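The values are calculated or read from the model by the stated rules, or taken from the named source; none is laboratory data. Since we're looking at a predicted model, the values are computed, not measured. Virtual Cβ from ideal backbone geometry, glycine too; neighbours counted across all protein chains shown.
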Amino acid sequence: MDPPFLLVAKVAASVCVGLLVGLERTWAHKEAGIRSFAIATLLGTLCWLVSPTLAYVQVGIILMIVILVNVYGIWSQRSPEVTTSLALAATNVVGMVIGAGNFFLAFVCALVVTALLSWKEEFITFSSKLTVAEIRSTLLLGFITVVVYPLLPDRFIDPWRLLNPRSIWLTVMIVSALSFINYALLRQFGARGIRYSALLGGLVNSAATVALLGEEAKDDPGTLTTAPTNVILSDLAMILRNWVLVVLFSFPRGIQASIGTVIVLVPMMLAAGVVVLFAIWRSRRSEQRAPQQLEQEAPQKQRLKSPLEMRSVLGFGMLFFSLTVISGVAQRLFGAIGFLAIAVVGALASAASSSVLVGQQLNRGQIAGSSAAIAMFLATLVGLLENFVIFWFVTRKPGPSLQILWPTIPIVLVGLLSVVGVAIFGW
């Protein structure tokens, strides 16, 4: 038998837990309130203290009572209190946990149950805004993370030590998760302005974002003057994403492995930020806009389709798989030149895949830091030029397109000078 002080502590804890959950049910105007939940929790604690077997038996009795009460409610043409009944049963089990002496688990479960009960309106509002595509995307992300990843072998499956299935799939998981998170941010903040959408969209896919900006500028001439600034903002997000991916995938080897890439991409990102700030300052000085024009609804808000699709996941996986094989073979045959060529060609399809590839090669020690810096500069340069071409192709307007090209030049020059510095000092 426990000492008297511990027995008092268990009884007090079980009553407090029951009062906490019951207070929320009373606030929600339910029949089972403070007294019912406090008694149910205390009953679980007392039965466990007497005998664990008795505690298991009383759980069955509590469940039978709950079922009979709900059946009677239905027979009386009242809506069943399913959630309250489950909460009552849960607090009874929490009382047993307190009787077993696990206070931490009991308090955590009590807080979680109370939070789930009190956030009813928030959960209803959240679920009502979900689309079928978003629910499927969540399930897909869980499937590729929980089901597929553990089944893949964690070893090289080729004699040249190029292909590790679990490592490749981990890359797919991380990029898919980042895309999912960025989609959620874009969906949340897209209504606050087109600049938020340009920045967040650039983190997901800068080429697609620029295409959407171009289509909006073509359909709405009022957005044509701000489109170049928003494209550069999307370029800034692309550079940031490339930098983060390289550092993330090379981090197990230490920050020193990616220092050359950081020295190249961070100045380019800062230069893009200065260009964007200057363009915003100049536009505010030169034009007086109405408030409703400043807070434009982002076009991406209406055109978002799905945060994650099976086709995009498999497509990125196959692309990264192909780049891993081809770059490994090219590096063995042609050295660093072959790797640089594959990284640049891969950036035409996905700058993110080239960034991940460079990060993993750095982590394995297969390329030098200076080669990685040059590869990321060239991949980023390809992304910048690709965005310019996409905007011009969509809008067919030379003036705004040149307004994108001219600010891009100092960004490229800063990156070029950084590459020269990395090559000279051997970082």
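On the basis of being assigned by TED's automatic domain parsing to the domain that holds residue 379, part of a helix (DSSP H, G or I) and farther than 13 Å from residue 411 by Cβ, does residue 259 make the cut?
Against the criterion (assigned by TED's automatic domain parsing to the domain that holds residue 379, part of a helix (DSSP H, G or I) and farther than 13 Å from residue 411 by Cβ), residue 259 qualifies.
Any idea which of (1) surrounded by fewer than 19 Cβ atoms within 10 Å (Cβ to Cβ); (2) out of contact with any Ser or Thr (no Cβ under 8 Å at 6 or more places or on another chain) is the one residue 423 doesn't satisfy?
(2)
Quick one: which helices (runs of 4 or more DSSP H) lie wholly within region 93-161 and hold at least 1 residues that are more than 24 Å from residue 66 (Cβ to Cβ) and of a type in the set (D, E, K, R)?
120-129, 132-142
Can you name the condition, by its number, that residue 79 falls short on among (1) more than 21 Å from residue 10 (Cβ to Cβ); (2) part of a helix (DSSP H, G or I)?
If we test residue 79 against (1) more than 21 Å from residue 10 (Cβ to Cβ); (2) part of a helix (DSSP H, G or I), just (2) comes out false.
Tell me, please, whether a residue that is at pLDDT 70 or above and of a type outside the set (D, E, K, R) can be found in region 289-305.
no
Among the residues of region 68-103, what is the count of those that are loosely packed, with under 12 Cβ neighbours inside 10 Å and either hydrophobic (A, V, I, L, M, F, W, C) or touching a Gly at 6+ places or on another chain (Cβ under 8 Å) (or both)?
6
If I filter region 104-119 down to residues being buried (at least 17 other Cβ atoms within 10 Å of the Cβ) and of a type in the set (Gly, Ala, Ser), which single residue comes out as farthest from the chain's Cα centre (by Cα)?
Among them, the one singled out is 106.
Which of the residues that make up region 221-276 are over 26 Å from residue 394 (Cα atoms), touching a helix residue (DSSP H, G or I) at 6+ places or on another chain (Cβ under 6 Å) and of a type outside the set (A, V, I, L, M, F, W, C)?
The answer is 250, 252, 253, 258, 260, 261, 267.
Mind telling me which of the residues 90, 28, 32 ends up being at pLDDT below 85 and either more than 22 Å from residue 11 (Cα to Cα) or in the same structural domain as residue 9 (by TED's automatic domain parsing) (or both)?
Only one candidate qualifies: 32.
Go over the candidates 412, 419 one by one and state the one that is of a type in the set (A, V, I, L, M, F, W, C), over 13 Å from residue 261 (Cα atoms), touching a residue at least 24 places away in the same chain (Cβ under 8 Å) and in the same structural domain as residue 236 (by TED's automatic domain parsing).
The match here is 412.
Which one of these is surrounded by fewer than 18 Cβ atoms within 10 Å (Cβ to Cβ) and either at pLDDT 65 or above or over 23 Å from residue 158 (Cβ atoms) (or both): 342, 337?
337
How about region 23-45: which of its residues are within 36 Å of the chain's Cα centre (by Cα) and part of a helix (DSSP H, G or I)?
23, 24, 25, 27
What pairs can you find where one residue is in region 136-156 and under 18 Å from residue 314 (Cβ atoms) and in the same structural domain as residue 314 (by TED's automatic domain parsing), the other is in a helix (DSSP H, G or I) and at pLDDT 85 or above, and their Cβ atoms are less than 7 Å apart, with a gap of 6+ or different chains?
Final answer for the pair search is none.
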